[in-house]
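I have a structure I would like to understand better, so I am pasting it below and will then ask my questions one at a time.
Derivation of every value follows stated rules applied to the coordinates shown; laboratory data play no part. Everything quoted here is computed from the prediction, not taken from an experiment. For neighbour counting, all protein chains shown are included, and Cβ atoms are generated from backbone atoms with ideal geometry for every residue, glycine included.
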Amino acid sequence: MNKAGHVNEVLLITGTRKGIGYYLAEYYASLGYKVIGCSRGPADTELPGYRHYCLDVADEAKVKQMFAEIARDYGRIDVLVNNAGIASMNHVLLTPMKTVQNILNTNVIGTFLFCREAGKLMSKRGYGRIINFATVAAPLKLEGEAVYAASKAAVASLTEVLARELAEFGITVNAVGPTPVKTDLIRSVPQAKMEALLNRQAIKRFGEFQDIANVIDFLMKPESDFVTGQVLYLGGV
Ligand SMILES: NC(=O)c1ccc[n+]([C@@H]2O[C@H](COP(=O)([O-])OP(=O)(O)OC[C@H]3O[C@@H](n4cnc5c(N)ncnc54)[C@H](OP(=O)(O)O)[C@@H]3O)[C@@H](O)[C@H]2O)c1
């Protein structure tokens, strides 16, 4: 329980069909939280207390409809984890416009929409925790990931400004910045490039799902109500 007497109960995690998002949905459902997830594709497995929505996080009409149903059925969201994200390795001179639009839509528009809609619901109860997803690709200025890094720099900036705008409603807004984690997102990155990347970290290893859950656990803690507007990069980047 935090100083305002709130206990986390309902978590909304985006991008839960696979990868980090699926791990987080499974982990928090196993701890007894009510977890709501979403992705464009359907969920493959059933988890206790878990509800899945099939939608694109950048589809405003569908997102608003989902939030209306959540407000009706749960009446609250305590924690929003904006995990849904896509990446693409392209030299800038070879980057198609469609790739740019897809990345910005999912990573920036999607994060914005979920922050806005969750912020409305959270503000009614005067409590909420929003955790966005940045990446070490931005501070490391990774070649080949210009649009992806720029999209996540926008997420970091949204995080910092929304932290100020939403503080008066008892909502904290932070971001976790993972290092490479072995998921489909990085499957196409050549091995030599990946090794060079890991070598630029202070701690030269892949990130694990638990490394990310640990940061989210910390940000959800009652005692973390004075922590907002921060982007926590992993691996010593
Ligand atoms: N893995 C890494 O090395 C790494 C490093 C730094 C940061 N991150 C960040 O961590 C987050 C998760 O990445 P990941 O590695 O778990 O990726 P992943 O394995 O490719 O999974 C991405 C998830 O997001 C969903 N998704 C993608 N676009 C969506 C959209 N427009 N609307 C709704 N859902 C969407 C996917 O499901 P559908 O395909 O069914 O939509 C999937 O469940 C991302 O924000 C990523 O940028 C990852």
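Sorted from fewest to most neighbouring beta carbons within 10 Å, what does the list T135, T99, T179 look like? Present the calculation step by step, with values, prior to reporting the outcome.
Working: T135 30, T99 15, T179 25.
So the residues, fewest neighbours to most, are T99, T179, T135.
Express in % the proportion of alpha carbon pairs of region 61-108 at distances exceeding 14 Å. Let's see the in-between values first.
Numbers: 745 of 1128 pairs.
I get 66 percent for the Cα pairs in region 61-108 exceeding 14 Å.
Mind listing P(r) for region 164-233? All alpha-carbon pairs, 5 Å bins, whole percents.
Taking every Cα pair in region 164-233, the percentages come to 3, 14, 21, 19, 14, 11, 10, 6, 2, 0.
What does the charge count around M220 come to, taking other residues whose C-beta lies under 9 Å from its C-beta (Lys +1, Arg +1, Asp -1, Glu -1)?
Numbers: positive: R129, K221; negative: D78, D217.
Counting the neighbours of M220, the net charge comes to 0.
Let me ask another. Whose amide H sits under 5 Å from the amide H of V237, counting only residues 5 or more places off or on another chain, with H placed in the peptide plane?
Close amide H contacts, sequence-distant or interchain: A202.
With a sphere of radius 9 Å drawn around the Cβ of E9, what net charge do the other residues whose Cβ falls strictly inside it have (Lys, Arg +1; Asp, Glu -1)? All intermediate terms of the calculation are to be shown ahead of the outcome.
Working: positive: K34, R76; negative: D78.
Net of charged neighbours comes to +1.
Neighbouring Cβ atoms within 10 Å as the yardstick, rank S151, S157 fewest first.
On the way: S151 28, S157 13.
Neighbour counts put them in this order, fewest first: S157, S151.
Any idea what angle helix 209-220 forms with the longest principal axis of the chain, computed on alpha-carbon atoms, 0 to 90 degrees, nearest 10?
Roughly 40 degrees between the two axes.
Next question, about the same structure. Output the peptides 78-88, 203-213, 185-195, 31-41 sorted from most to least packed, where packing is the average of other Cβ atoms within 10 Å over each peptide's residues. Intermediate values should be presented prior to the final figure.
Numbers: 78-88: 24.0, 203-213: 15.9, 185-195: 11.8, 31-41: 18.9.
Going by the mean number of other Cβ atoms within 10 Å, highest first, we get 78-88, 31-41, 203-213, 185-195.
Moving to a separate point now. Normalise the Cα radius of gyration of the chain by 2.2 N^0.38 Å (N = residues in it) and let me know the number.
Numbers: Rg = 17.1 Å, N = 237, 2.2 N^0.38 = 17.6 Å.
Here the Cα radius of gyration is 0.97 times the empirical estimate.
Let me ask something else about it. Amide H of I86: which non-local residues (sequence gap of 5 or more, or other chain) have their own amide H closer than 5 Å, using H built in the peptide plane?
N107
To the nearest 20 Debye, how big is the dipole of region 59-167 about its Cα centre, given +1 on the beta carbon of each Lys and Arg and -1 on that of each Asp and Glu? Don't jump to the answer; show the numbers that get you there.
On the way: 13 positive and 10 negative charges, 64 e Å.
Here the size comes out at about 300 debye.
Can you figure out the FRET efficiency of A192 with E46, using R₀ = 35 Å and their beta-carbon distance, to the nearest 0.05? Show your work: numbers first, answer last.
Numbers: r = 40 Å, r/R0 = 1.16.
The computed FRET efficiency comes out at 0.30.
Could I ask something else about it? In degrees between 0 and 90, to the nearest 10, how far off the longest principal axis of the chain does helix 19-30 point, with axes built from Cα atoms?
Helix 19-30 sits roughly 30 degrees off the main axis of the chain.
Go through L219, G85, V10 and say which Cα lies farthest out towards the positive end of the charge dipole of region 3-233; charges sit on Cβ, +1 for Lys and Arg, -1 for Asp and Glu.
After comparing all options, I get G85.
I would also like to ask the following. What's the local net charge at R205, with K and R +1, D and E -1, over the other residues with C-beta under 12 Å away? Mind dumping the intermediate values first?
On the way: positive: K182, K204; negative: E195, E208, D211.
Within the 12 Å Cβ shell, the charges total -1.
Here's another thing I want to ask about it. Could you work out how far apart the two model spin labels at K124 and D73 are, taking each label as a point 7 Å from the Cα in the direction of the beta carbon, and quote it in nm?
About 1.6 nm separates the two model spin labels.
Turning to a different aspect of this structure: Count the lysine pairs in region 3-233 whose Cα atoms lie under 15 Å apart, taking only pairs 8 or more positions apart in sequence or on different chains.
8
Find how much the distance from N199 to S224 grows on full extension, using 0.36 nm per residue of separation minus their present alpha carbon separation; answer in nm with one decimal.
Details: separation 25, 0.36 × 25 = 9.00 nm, distance 3.16 nm.
Between N199 and S224, full extension yields an extra 5.8 nm.
Tell me, what is the percent relative contact order of region 3-233, built from C-alpha pairs under 8 Å that lie six or more residues apart?
Numbers: 402 pairs, mean separation 42.6, N = 231.
So the answer I get is 18 percent.
Under unit Cβ charges (Lys, Arg +1; Asp, Glu -1), what dipole magnitude, rounded to 20 debye, does the chain have relative to its Cα centre?
On the way: 26 positive and 23 negative charges, 38 e Å.
Taking the Cα centre of the chain as origin, the dipole is about 180 debye.
Here's a follow-up. Tell me which of I171, L185, I20 sits at the most positive position along the dipole axis of the chain, charges placed on C-beta atoms (Lys, Arg +1; Asp, Glu -1).
L185
Is it possible to state the helix-based mean residue ellipticity at 222 nm for the chain, with each DSSP H run of 4+ residues giving -39500 (n - 2.57), the sum divided by total residues, to the nearest 500 deg cm²/dmol? What is it? Intermediate results must be reported in sequence, preceding the final value.
On the way: 7 runs with 90 residues, N = 237.
Computed mean residue ellipticity for the chain: -12000 deg cm²/dmol.
Here's a follow-up. Per residue, how big is the convex hull of region 1-62 when only Cα atoms are used? Give it in Å³.
Numbers: hull volume 6.3 nm³, N = 62.
Taking the convex hull of the Cα positions in region 1-62, it is 101 Å³ per residue.
May I pose another question? So for R129, R51, fewest C-beta neighbours within 10 Å to most, what's the order? Please list the in-between numbers first.
On the way: R129 28, R51 17.
If I rank by nearby Cβ atoms, fewest first, I get R51, R129.
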